[in-house]
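> Pasting in a structure now, in structure tokens, and then I'll have a few things to ask.
Where a number appears in this text, it was derived from the coordinates with a stated rule and is not lab data. Keep in mind that what you see is a predicted model, and the values were worked out from it rather than measured. Neighbour counts are summed over all protein chains in view; Cβ atoms, including those assigned to glycine, are modelled from backbone coordinates with ideal geometry.
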């Protein structure tokens, strides 16, 4: 198992390099540059700026320099945030985003998995109906709707909680953003667990367990839950990466100093290094989360042994 | 035993009733959106600086109120609804076609071809969606509807491709594919006659569930200011505008938010119902 | 089309066949066999001895690592599209799981029309329907079965459909992989009788894989005993099964109840 995991981790590097290469050239070949201001800079100033950031070198040289920096863990200087490195920017924002995302992920799973189990065990009952309605609503309310609505209702109208702000992550400030992020996690996990459990509960070996006289609770906990979690795990891999690297929407709506805004902001400003840095972070997170999901797959279902 | 059968039949009926209700709601929503230009005396983009930010009901001709420029909220919301629906439907269709073709070929071919094709999907998955769209938007001009469509569809097909590929891989091991090969059917014929019909159910069901997702993607982009541009509006851009003014004029947020929620909710419920009927895995 | 293949005394020959998945141990090593036109060859062995792999290799459904499969003296290694097509008219498979070998989305009529559509695209719809009706009658199914889906039929009926489909192109050999082992015992005898009738009356050759020696004794004049991918014994069924020379064969015989089939013969 350890060797398998190690081999997989080593296998991630070529994929990551491919991703970095593709992103680097696509973003550099797109028209526009970081120094296209509203009013044109004097040519001399512009040339100096470009020389200072190494933009005057051929693209291939720049690419090699970038990859070289990446290998040393250096994401380069930001073009727009003067005197700031991309490392510093991300180090400032990512922990906030990741902490918020982790809490939301945990909350969503803690609510969603039991809800899905209950709905499957009481299929067609009132609990199932309730779960269906709650999850359908949560899925129909994307973050950019749910966030402003929560802020409007609990912040501006009822005045129970601050409508926005962060204050170093105080509970009162974090509650609404966490709920906004956790709602889709709850809905998806409840639905996936429900359908997974229903499928497993119909399988032969569960019927056999029932025929042996095992109680419903014992069947679910001892036999059914593990395989029933497979679809959830498959979904959770990529989804966790998205939640953990920060949501631009949630951070904009609630004014949170996270890393989510860097990607869009960087892309709009042609802040090449910032965009690349976020793509690297997001790529690493996605690949690691997918790997974790694959390993969990192998643990949950011993039949799956990938070549 | 009889009890549980009855219960499940009852559940199916309830499910279908929900799907039916969703279909009716959806049809009504579409009808109103399409008929809006005749239902409202105000054009969607007509500016009336004399009556800015009217609350709903303050003026009989502006039933849902006006925005800061005095534009009728109902007319604008319905225009947004039309654009969101159009982009959602088209993007779902495009991504279904690409995803099915890609996934079926990869899954049936197997081996090295499959590995390469799926590695491409993995890499596209690992690219942030926003990045994609921003690149496309800057290359081809921000706010153009075809570009928006291409950008959204370019992400939407990935999951379909994975679903179809998984199904095709499983089907490939089935005896009837071996039988077809031993009968002398060509690869193309096997894909067309045996693989595609057998994945059609899940694909249709998934595509129905993709439509609301695509609508949400589009609204998300418009919320960021990367989507549909003024004077046109989509539900997302209206929600974005509304969220900025929600303290003084909450109706600017509530109207498009309610429409988007109702739209995606009914599409989701309808899609779930379709899946129950079309996906053989859900009823053995 | 059949003329695209040279004719010889042997219908099928296998020489030193080796099949391996990947670099590891081969599933089959050095298998050889001969089948005369109209003959009946049984292939026996424990599960995992490589019987199914051998059949798939014979039909060209999987890659061969070494050795040769010759149909009428021509190696499939050099086959081009036209010769593959010709082979499909000579040899048709019948698989173990009848339900899985029928596309669940197709009605029986469509399933039976499929070989005709592939090989005789010029034939009209009416001609196809006549031949489908004949094929159904030949396997003892009513003509209305054409409108049914496989899951609406019993296992035995499905296997009859699979046999009818295999016979649509009037092949010279049916390659059967445990065709009755997933069926009820009472149904097994009927399906075996059908195969036996096709063999005796229409001179269709049989390659018949089974772990059940009694069935092989009833159906096949020649037998080949396979163990871990190697042939341990081969020859006329009566010789091999009544005077086994190999310990493995003796154990196989001892492990199988002798009852069914004997009385019919």
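> For chain B, modelled as a GNM with alpha-carbon contacts under 10 angstrom, which of B:188, B:103, B:225 fluctuates the most?
B:188
> How many angstrom lie between the C-alpha centres of the stretch A:237-307 and the stretch C:55-131?
49 Å
> Right, another one. Between residue C:134 and residue C:16, what FRET efficiency comes out of the Förster formula 1/(1 + (r/R0)^6) with R0 = 35 Å and r the beta carbon distance, rounded to 0.05?
The computed FRET efficiency comes out at 0.30.
> Looking at the stretch C:147-265, send over the antiparallel percent of its DSSP beta bridges, to the nearest 5.
If we restrict to bridges inside the stretch C:147-265, about 55 percent are antiparallel.
> If a/c stays under 1.5 just call it rounded; otherwise compare a/b with b/c (prolate if a/b is bigger, oblate if not). Do that for the stretch C:22-127, with a ≥ b ≥ c from the square roots of the Cα gyration tensor eigenvalues.
Because a/c hits 1.5 or more and a/b exceeds b/c, the stretch C:22-127 counts as prolate.
> Using the alpha-carbon atoms, what tilt in degrees (0 to 90, nearest 10) does helix A:230-244 show relative to the longest principal axis of chain A?
30 degrees
> Order these by the 10 Å Cβ neighbour count, fewest first: A:9, C:132.
Listing A:9, C:132 from fewest to most nearby Cβ atoms yields A:9, C:132.
> Among A:189, A:170, A:247, which one shows the highest mean-square fluctuation when chain A is modelled as a Gaussian network with alpha-carbon springs under 10 Å?
Per the Cα network of chain A with a 10 Å cutoff, A:170 tops the list.
> Now for a different question. Provide a whole-number value for the mean count of partner chain Cβ atoms within 10 Å of the Cβ atoms in peptide A:153-166.
The mean count of partner-chain Cβ atoms within 10 Å per residue comes to 1.
> Ratio of alpha-carbon Rg to the 2.2 N^0.38 Å globular estimate for chain B, to two decimals, please.
The value comes to 1.21.
> Something else now. Using a Förster distance of 51 Å, how high is the FRET efficiency between residue B:116 and residue A:159, based on the Cβ-Cβ distance and rounded to 0.05?
0.35
> Then there is this: Post the alpha-carbon centroid distance, the stretch C:231-254 to the stretch A:43-97, in whole angstrom.
Result: 78 Å between the Cα centres.
> Let me ask another. What angle, in degrees between 0 and 90 and rounded to the nearest 10, separates the Cα long axis of helix A:260-269 from the longest principal axis of the Cα atoms of chain A?
Helix A:260-269 sits roughly 30 degrees off the main axis of chain A.
> Any chance you could check the Cα centroid distance between the stretch B:15-32 and the stretch A:146-178 for me, in angstrom?
Cα centroid of the stretch B:15-32 versus Cα centroid of the stretch A:146-178: 34 Å apart.
> Now, a different point. Could you please rank A:180, A:21, placing first whichever residue has the fewest other Cβ atoms within 10 Å of its Cβ?
If I rank by nearby Cβ atoms, fewest first, I get A:21, A:180.
> Apply the a/c threshold of 1.5 to the C-alpha gyration tensor of chain C and tell me whether it is rounded, prolate or oblate.
The shape class here is oblate.
> Taking every residue in B:179-191, how many Cβ atoms of other protein chains lie within 10 Å of its Cβ, on average?
Whole-number average of other-chain Cβ neighbours for B:179-191 is 6.
> Here's something else I'd like to know. For the stretch A:93-271, what does the relative contact order come out to in percent, with C-alpha contacts under 8 Å and a separation of six or more?
The value is 36 percent.
> If the elastic network links every pair of Cα atoms under 10 Å, which of B:229, B:174, B:213 fluctuates the most in the Gaussian network model of chain B?
B:174
> Also, I was wondering about something else. Of all beta bridges DSSP finds with both residues in the protein assembly as shown, what is the antiparallel percent, to the nearest 5?
The answer is about 55 percent antiparallel.
> May I ask what percent, to the nearest 5, of DSSP beta bridges between residues of chain C are antiparallel?
Just about 55 percent of them are antiparallel.
> Another one. Using a ≥ b ≥ c from the Cα gyration tensor of the stretch A:93-271 (square roots of the eigenvalues), is it rounded, prolate or oblate, where a/c under 1.5 gives rounded and otherwise the larger of a/b and b/c decides, a/b for prolate?
Note, shape of the stretch A:93-271 comes out prolate.
> Just to confirm the number: angle between the C-alpha axis of helix B:196-223 and the first principal axis of chain B, 0 to 90 degrees, nearest 10?
Helix B:196-223 sits at roughly 30 degrees to that axis.
> Right, next: Fewest first, what order do B:248, C:49, B:144, B:40 take by the number of other Cβ atoms within 10 Å?
By the 10 Å Cβ count, ascending: B:248, B:144, B:40, C:49.
> Just the Kirkwood number for the protein assembly as shown, please: inverse of mean 1/r across all distinct Cα pairs, in Å, one decimal.
Across the protein assembly as shown, the inverse of the average 1/r is 31.4 Å.
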